[in-house]
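Asks: Input: one structure, supplied below.
Nothing in this text is a laboratory measurement; each read-out follows from the coordinates by a stated rule. Predicted, not measured: the structure shown is a model, and the values here were computed from it. Quick reminder, even Gly has a Cβ in these numbers, built from the backbone with ideal geometry, and neighbours come from all protein chains shown.
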């Protein structure tokens, strides 16, 4: 799974979309900001490519570190179920969030209360839910047909994980889960020589359409809770701060009659996808009062160090002049807040580091499949959001590193080694 190819295609498609989307920026985009974004993105691609060049593994895995995909899948599901239970107890029992899908009330409660130790355990272990279905697919391709119980358990775990996130109006977990699972299934079928029939692509298209519909529905629900007109949202929302619909797009939306609110919610997805680039350009044209030196992008490792009593001076992001907290600035925005003019170098080194473990994915090294799937999601969502700066991306990435350990055993042979190694 050459993740740099996904990043390259994402950037190319995104660039074409920027030119064709019926959107207009609300401020002048400086050439220096646009070039900084482009060069830094290219340096990220270069870092990934170099990682695949220098970190190629041996063609097979030693018996002393044999990996069982079946063992990993079963253990991951049990631990994920435990993590989801911890999350539910922490969020709805200990911290008092409601079950009524009142997004703003739930977010206020969660923002004003600290997660309990149970919640922190649930956040990490529950993130294994992101891989429930993909590990089951890998298990089925390795071992043969599984029972309905196996498929049902994986599906329920994944849907529960997504549902908990959607309970506070978040779409990021849904996107990460869907994108990572789809990439895993496509890679696995190719690696095991199984054809991708037209029906599979049709299902994939239906899933993506469903994700877009759900996202639009969540947007409408949020607007209803705020008492805002959908048309006002695409002109005065957080997304519309930097980019607005073109005059032609507004005229077309106004002509849609009763269906207009749904089309407007769909149009807001365009703003959701493309506003990150403009937010980044605006950010780099501002004079920031300080830079955070890695504390923004690497908040999760620092959080774990803080639990051990090792922590530096806390940084209040809302107090930084020029930084709009809670607004997506593509993958590169938080990295710029961290390292300023060193952004291209930071992008290269970060993606090189992320790419080294991913280069070890092969048919006989399925232990790295979950990690690679999250990295693919990170690459696809690169123009929109920095998943390392988001709980929906950071926790699954950390959880994926435990999968090799969950499936590790000392045994002769391995269930995933029925055929010669095949690098894809």
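Asks: Return the calculated 222 nm mean residue ellipticity for the chain, to the nearest 500 deg cm²/dmol, obtained by summing -39500 (n - 2.57) across DSSP H runs with n ≥ 4 and dividing by the residue count.
Replies: The helix-only estimate for the chain comes to -20000 deg cm²/dmol at 222 nm.
Asks: May I ask you to order 175-186, 293-304, 9-20 by the average number of other C-beta atoms within 10 Å around their residues, highest value first?
Replies: 175-186, 293-304, 9-20
Asks: Using Cα centres only, tell me the gap between segment 381-403 and segment 255-333 in whole Å.
Replies: The distance from the Cα centre of segment 381-403 to that of segment 255-333 comes to 14 Å.
Asks: Sticking with this structure for a sec: Please give, to one decimal in nm, the separation of the simple spin-label points placed at residue 12 and residue 194, each 7 Å out from Cα toward the Cβ.
Replies: It is 2.8 nm.
Asks: Give the Debye-formula value of log10 I(q)/I(0) at each listed q (0.15, 0.18, 0.24 Å⁻¹), with one equal scatterer per alpha carbon of segment 104-186, two decimals each.
Replies: Here log10 of I(q) over I(0) equals -0.63, -0.83, -1.19.
Asks: Which angle between 0 and 90 degrees, to the nearest 10, do you get for helix 260-285 versus the longest principal axis of the chain when only C-alpha atoms count?
Replies: 90
Asks: Ok, one more. Sorted by packing (mean other beta-carbon atoms within 10 Å per residue), highest first, where do 390-396, 264-270 land?
Replies: Highest to lowest by the protection proxy: 390-396, 264-270.
Asks: Sorted by packing (mean other beta-carbon atoms within 10 Å per residue), highest first, where do 373-386, 113-126 land?
Replies: Result, highest mean Cβ count within 10 Å first: 373-386, 113-126.
Asks: Does anyone have the angle between helix 31-54 and the longest principal axis of the chain? Alpha-carbon axes, 0 to 90°, nearest 10?
Replies: 0
Asks: Can you put 389, 150, 247 in order of Cβ neighbours within 10 angstrom, beginning with the fewest?
Replies: Ordered by Cβ neighbours within 10 Å, fewest first: 247, 150, 389.
Asks: Between the helical axis of 343-358 and the dominant principal axis of the chain, each derived from Cα atoms, what acute angle in degrees is found, rounded to the nearest 10?
Replies: 30
Asks: Based on other C-beta atoms within 10 Å, arrange 148, 362 from fewest to most.
Replies: In order of increasing Cβ crowding within 10 Å: 148, 362.
Asks: Taking other Cβ within 10 Å of each residue's Cβ, how do 160, 87 sort, fewest first?
Replies: Exposure proxy ranking, most exposed first: 160, 87.
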